[in-house]
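Engineer: Please read through the structure below; I'll follow up with questions.
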Amino acid sequence: MLFVQKKSGFSVCCIGAGYVGGITGAVIAEKCRDVDVYVVDINGDRIAQWNSDTLPIYEAGLDAIVKRTRDRNLFFTTSFKHAVGSSVIVFLCVNTPIKKYGADRGRVYDLAYTEKAVIEIMKHTDSDKIIVEKSTVPCKTAEKIRALVEKTKKHKALNIEILSNPEFLAQGSAVGDLLDPDRVLIGSFPTDRGSSALGKLSALYRNWIPQEKIIASSIWTAELAKLAANALLAQRISSINALGELCEKVGADVLQLSGVVGKDRRIGEKYLSCGIGFGGSCLEKDVCCLVYLCDYHGLPDAAEYWRQVLSMNRHQKERFTRKITEKMFSSVSGKRIAVLGAAFKKGTSDTRDSPAAAVMLGLLEEHATLAVYDPVVSREEILDALGAKKGQAVSVCDSVEDACRGSSAVVVCTEWDVFRKIDFERVYSVMEKPAYVFDGRNILDRKKLAAIGFDVYSVGRL
Ligand SMILES: NC(=O)c1ccc[n+]([C@@H]2O[C@H](COP(=O)([O-])OP(=O)(O)OC[C@H]3O[C@@H](n4cnc5c(N)ncnc54)[C@H](O)[C@@H]3O)[C@@H](O)[C@H]2O)c1
């Protein structure tokens, strides 16, 4: 080990056993055998799942790591006492959702979970610690945490340092992203103690990440960097979707377009897929927060710029649903529609803010009945994502063929690789006629489908 040995009682802990806390804890345990890693959550069911054979989240490679490390040096628990008490570094990985009540609802993060977590940490803190913000938080949250820590610490002499170490992992490639990140950013307060804490966290990361990838910054830059990265990703997706809409009008093909512009090294090829918009728990809320920050600091033009990224995204989801209705004789009422994919993107079981759910809700509004299949998302999660509106109109199927049997249309909402390999001749034979395919992710071979007999529609292409 580069820094404290387990012999001397070195432990770290992650508060929050979600996507970030659970996977971060698992990767640290895998790469730092001599460090005990605790992952703590207030949700006992979630902890029970992490301790079972069926983990609460799906990510490639995660099962194997958890199997190797669990109860060796990785421990999932609801007990703060031992986990926090024995840890030198405490990663705050709790959820920071958009606030859904009171003033500024729908515009700012709800920091209630963060505050409760810090208070709980301090109740169990009798020795010096480093508290690391991994959750995405608005700028200046470290200042608030520092003030809260000072007011709640048991002894004046305790030294509790705050760092910002935003998590850049992407769901769908989370384990790979943590094992081999593009960069690790650590922001600290400009004091000797801040630098010392930064050195200790860097040393932990250096167990598997080369020094040149570990970037030090001011704490405010680190907090803003996460918002900035997500805003730029969201803006790219909205930009290509806006171009895709124009393609449909002028007869251009967005796949060819993005292929060509992406070859320009100044632009690059990633995040140029035209589809049904971005989703997930982060992009929308982080752009919302950026809009709020700009408004708050008196920058209405900057706020409006980022607001447009969000409205383009909403427009794209609605536009796709409208297209389905229009092309199917202007009515989907009473028609069974097979929806392929519920996850917000491939590689994850997460349905939070999934564009698939938005499309499904739009179709339910038009009185369609839905037969949904996702290779990874559970029946309960699919129904949860649709909330109260689902009624009797939604059935969750065990295979593509089950979903398509008796359906008038196939709607691809998630770009799972298995959907590229569907036997569409067979699917066509079990569907109502006319049979439609709406490819919301541009992953299917349109010529082949048309030759079988389908009416085929994609996004950003005629
Ligand atoms: N999911 C992502 O892809 C991703 C990527 C980068 C950053 N982030 C950010 O990381 C943070 C966590 O995201 P997530 O997706 O892991 O959230 P999540 O909802 O999957 O998990 C959060 C967990 O924290 C737990 N929790 C809440 N309050 C707690 C408390 N006081 N003590 C202990 N546990 C508590 C919840 O029960 C939940 O299990 C958010 O700020 C998010 O924006 C998420």
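The values are calculated or read from the model by the stated rules, or taken from the named source; none is laboratory data. All figures in this text were calculated on a predicted structure; none of them were measured in a lab. In this analysis, Cβ positions are derived from the backbone assuming ideal geometry, glycine residues included, and neighbour counts consider all displayed protein chains. Calculation scope for accessible area: heavy atoms of the full protein, side chains included, ligands and nucleic acids excluded. Shrake-Rupley method; radii C 1.70, N 1.55, O 1.52, S 1.80 Å.
Engineer: In debye, nearest 20: dipole of the range 316-458 around its Cα centre with unit charges on the Cβ of K, R (+) and D, E (-)?
Structural biologist: 420 debye
Engineer: Report the dimensions of the range 227-312 along its three principal axes from the alpha-carbon atoms, largest first, rounded to Å.
Structural biologist: For the range 227-312, the Cα extents along the three principal axes come out at 41, 27, 24 Å.
Engineer: Given the range 397-462 reduced to its alpha-carbon atoms as identical point scatterers, what log10 I(q)/I(0) does the Debye formula return at q = 0.20, 0.25, 0.28 Å⁻¹?
Structural biologist: -0.74, -1.20, -1.50
Engineer: Loop only by DSSP, 15 or fewer other Cβ within 10 Å of the Cβ. Give me the GluC sites (Glu not before Pro) in the range 267-314 that pass, ordered by residue number.
Structural biologist: Taking the range 267-314 and a limit of 15 other Cβ atoms within 10 Å, the loop GluC sites (Glu not before Pro) found are 269.
Engineer: Any idea what diffusion coefficient the range 6-209 gets from Stokes-Einstein, in µm²/s, Kirkwood Rh on alpha carbon pairs, 37 °C, 0.692 mPa s?
Structural biologist: In µm²/s, the coefficient rounds to 191.
Engineer: ³J(HN,Hα) across the range 399-406 via Karplus (A = 6.51, B = -1.76, C = 1.60, θ = phi - 60°), whole Hz, x for Gly/Pro?
Structural biologist: 7, 4, 5, 4, 5, 7, 4, x
Engineer: Moving on. Could you state the angle between the C-alpha long axis of helix 300-327 and the longest principal axis of the C-alpha atoms of the chain, as a value from 0 to 90 degrees rounded to the nearest 10?
Structural biologist: Roughly 40 degrees, rounded to the nearest 10.
Engineer: Let me ask you something else. Step through the residues of the range 87-103 one at a time and calculate ³J(HN,Hα) from phi using the Karplus curve (6.51 cos²θ - 1.76 cosθ + 1.60, θ = phi - 60°), rounding each to whole Hz and writing x for Gly and Pro.
Structural biologist: 9, 8, 10, 10, 8, 8, 10, 7, 6, 10, x, 5, 5, 10, 8, x, 4
Engineer: For residue 422, tell me the accessible area in Å² from a 1.4 Å probe, rounded to the nearest 10.
Structural biologist: Counting only protein heavy atoms, residue 422 exposes about 30 Å² to solvent.
Engineer: Tell me, how many Å apart are the Cα centres for the range 81-112 and for the range 152-186?
Structural biologist: 14 Å
Engineer: Quick one: how many Å² of residue 425 are accessible to a 1.4 Å probe, rounded to 10?
Structural biologist: 130 Å²
Engineer: Note down the net charge around residue 123, summing +1 for each Lys or Arg and -1 for each Asp or Glu among other residues with Cβ under 14 Å from its Cβ.
Structural biologist: Overall, the nearby charge balance is +3.
Engineer: Helix 192-205 versus the longest principal axis of the chain: what is the Cα-based angle in degrees, 0 to 90, to the nearest 10?
Structural biologist: The angle comes out at about 50 degrees.
Engineer: Tell me whether the range 67-113 comes out rounded, prolate or oblate; compute the Cα gyration tensor, take square roots of the eigenvalues as a ≥ b ≥ c, and use a/c under 1.5 as the rounded threshold. Spell out each step's value before the answer.
Structural biologist: On the way: a/c = 3.73, a/b = 2.57, b/c = 1.45.
Prolate is the answer for the range 67-113, as a/c is 1.5 or above and a/b outweighs b/c.
Engineer: Can you give the local net charge around residue 170? Use residues other than it whose beta-carbon is closer than 9 angstrom to its beta-carbon, Lys and Arg +1, Asp and Glu -1.
Structural biologist: So the environment of residue 170 carries a net charge of 0.
Engineer: Using r as the Cβ-Cβ distance of residue 170 and residue 112, and R0 as 25 Å, what FRET efficiency do you calculate, to the nearest 0.05?
Structural biologist: 0.45
Engineer: Would you kindly find the accessible area of residue 243, with a 1.4 Å probe and non-protein molecules such as ligands, DNA and RNA excluded, rounding to the nearest 10 Å²?
Structural biologist: Answer for residue 243: close to 80 Å² accessible.
Engineer: Only four residue types carry charge here, +1 at the Cβ of Lys and Arg and -1 at the Cβ of Asp and Glu. Report the dipole size of the range 225-353 about the Cα centre in Debye, rounded to the nearest 20.
Structural biologist: 460 debye
Engineer: Which trypsin sites (Lys or Arg not before Pro) in the range 228-314 sit in a loop by DSSP (not H, G, I, E or B) and have at most 11 other Cβ atoms within 10 Å of their own Cβ?
Structural biologist: Hits after loop and neighbour filter: 263, 265, 266, 270.
Engineer: Sticking with this one: Can you give the local net charge around residue 291? Use residues other than it whose beta-carbon is closer than 9 angstrom to its beta-carbon, Lys and Arg +1, Asp and Glu -1. List each step's numbers first, then the result.
Structural biologist: Working: positive: 107, 307; negative: 295, 304.
Net charge in that neighbourhood comes out at 0.
Engineer: Would you mind getting the accessible area per residue of the range 316-458, heavy atoms of the protein chains only, 1.4 Å probe, in Å²?
Structural biologist: Details: 6180 Å² over 143 residues.
The answer is 43 Å² per residue.
Engineer: Rounded to the nearest 20 Debye, what is the dipole magnitude of the range 6-209 about its Cα centre when Lys and Arg each give +1 and Asp and Glu each give -1 at the C-beta?
Structural biologist: Computed charge dipole of the range 6-209: roughly 540 debye.
Engineer: Which of the pairs 249/327; 249/285; 123/156; 67/123; 67/116 have their Cα atoms more than 20 Å apart in this structure? Walk me through the numbers before you get to the answer.
Structural biologist: Working: 249/327 16 Å; 249/285 31 Å; 123/156 14 Å; 67/123 32 Å; 67/116 31 Å.
Check vs 20 Å cut-off fails for 249/285; 67/123; 67/116.
Engineer: Distance check, please: which entries in 81/226; 100/140; 200/346; 134/263; 144/226; 81/346 exceed 26 angstrom between their Cα atoms?
Structural biologist: Where the Cα-Cα span goes over 26 Å, the pairs concerned are 81/226; 200/346; 134/263; 81/346.
Engineer: Further question: Could you put 34, 445 in order of accessible surface area, largest first, with the 1.4 Å probe and the full protein assembly present?
Structural biologist: These residues rank, largest area first, as 445, 34.
Engineer: Need the C-alpha centroid separation for the range 18-58 versus the range 397-455, integer Å.
Structural biologist: For the range 18-58 versus the range 397-455, the Cα centre distance is 37 Å.
Engineer: I've got another one for you. Relative to the longest principal axis of the chain, what angle (0 to 90°, nearest 10) does the C-alpha long axis of helix 283-296 take?
Structural biologist: Taking the Cα atoms of the chain, the angle to 283-296 is about 70 degrees.
Engineer: Could I ask something else about it? With unit charges on the beta carbon (Lys/Arg positive, Asp/Glu negative), name the residue among 298, 372, 268 whose Cα is farthest towards the positive pole of the charge dipole of the range 268-375.
Structural biologist: Of the options given, the answer is 372.
Engineer: A further question follows. Report P(r) for the chain: all Cα-Cα distances, bin width 20 Å, range 0 to the bin holding the largest distance, values in whole percent.
Structural biologist: Final binned percentages: 23, 51, 23, 2.
Engineer: Which one of 172, 339, 145 has its Cα pushed farthest toward the positive end of the charge dipole of the chain, where Lys and Arg give +1 and Asp and Glu give -1 at the Cβ?
Structural biologist: Positive-most Cα among the choices belongs to 145.
Engineer: Quick one: pull the percent of accessible area on the chain belonging to carbon and sulfur, 1.4 Å probe, ligands and nucleic acids left out.
Structural biologist: Ligands and nucleic acids excluded, carbon and sulfur give 53 percent.
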